[in-house]
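The block underneath contains the structure these notes are about, expressed in structure tokens.
What follows draws every value from the coordinates through simple rules; no lab data is involved. Not measured: the values here are computed from a predicted model. Counting neighbours? That spans all protein chains shown, and the Cβs are built from the backbone with ideal geometry, glycine included.
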Amino acid sequence: MRAWIPGLDNMTCILVCFPGAPRPSEEAIRRELALDAALGCRIAELCASAQKPPSLNTVFRTLASEDIPDLPPGGGLDCKATVIAEVYSQICQVSEECGEKGQDGAGKSNPTHLGSALDMEA
């Protein structure tokens, strides 16, 4: 017998899409992609400037303290949490791979390909 734990119920979300709903404009899509790329570049800068990679929580707090233009109204940085986590994960994965491949004589890793994690489709 399993005990019921509050807050861990299964939840269902139903999305209703109407045929006459407005479509995003080309300009809105372009601005969204530009914002994602700018966030990716900023995350790469934060990770590259630190001696050891900052935690995702630290990256998110740092971004939250900055004035980032074109964030979605009503949601702000929280709407971009998935993008931030994906870019951060890619950067950490690349830096781990570079660390394994780029060991120098002193045992220090040489991550040199951090920017390659940000090859985003435009």
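Of all residues in region 36-64 being surrounded by 11 or more Cβ atoms within 10 Å (Cβ to Cβ) and among the basic types (Lys, Arg), which is farthest from Glu96 (Cα to Cα)?
Taking the candidates together, the pick is Arg61.
Limited to region 65-100, what total is found for residues that are surrounded by 12 or more Cβ atoms within 10 Å (Cβ to Cβ) and part of a helix (DSSP H, G or I)?
21
Scan region 39-53 for residues that are in a helix (DSSP H, G or I) and either in contact (Cβ under 8 Å) with a residue 24 or more places away in the chain or within 15 Å of the chain's Cα centre (by Cα) (or both) and report the count.
Looking only at that region, the number is 10.
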